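Derivation of every value follows stated rules applied to the coordinates shown; laboratory data play no part. Since we're looking at a predicted model, the values are computed, not measured. Methodologically, a virtual Cβ is constructed for each residue, glycine included, from the backbone with ideal geometry; neighbour enumeration extends over all protein chains shown.
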């Protein structure tokens, strides 16, 4: 039995945006498959926790209730 746990990874690049007359801002996007798996909605409040120079933790303050999923409907005639 293996003691290592497989993790899903989502590589991305941090975007740097400088608007005219504004300070430089950095953006990190959340890939849709990850957002869907976690049930994250747009506009949700989150916070970064700095664990060390190589690791951040994203904390959700008020996650929405987990949505119920319906079982797949059978097609007629089968």
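Simple spin-label estimate for residue 19 and residue 38 gives 2.4 nm between the two label positions (7 Å along the Cα-to-Cβ direction from each Cα).
Modelled spin-label separation between residue 66 and residue 45, with each label point placed 7 Å from Cα along the Cα-to-Cβ direction: 2.4 nm.
If we count other beta carbons within 10 Å of each Cβ, what is the order of 40, 17, fewest first?
Values: 40 17, 17 9.
So the ranking, lowest neighbour count to highest, is 17, 40.
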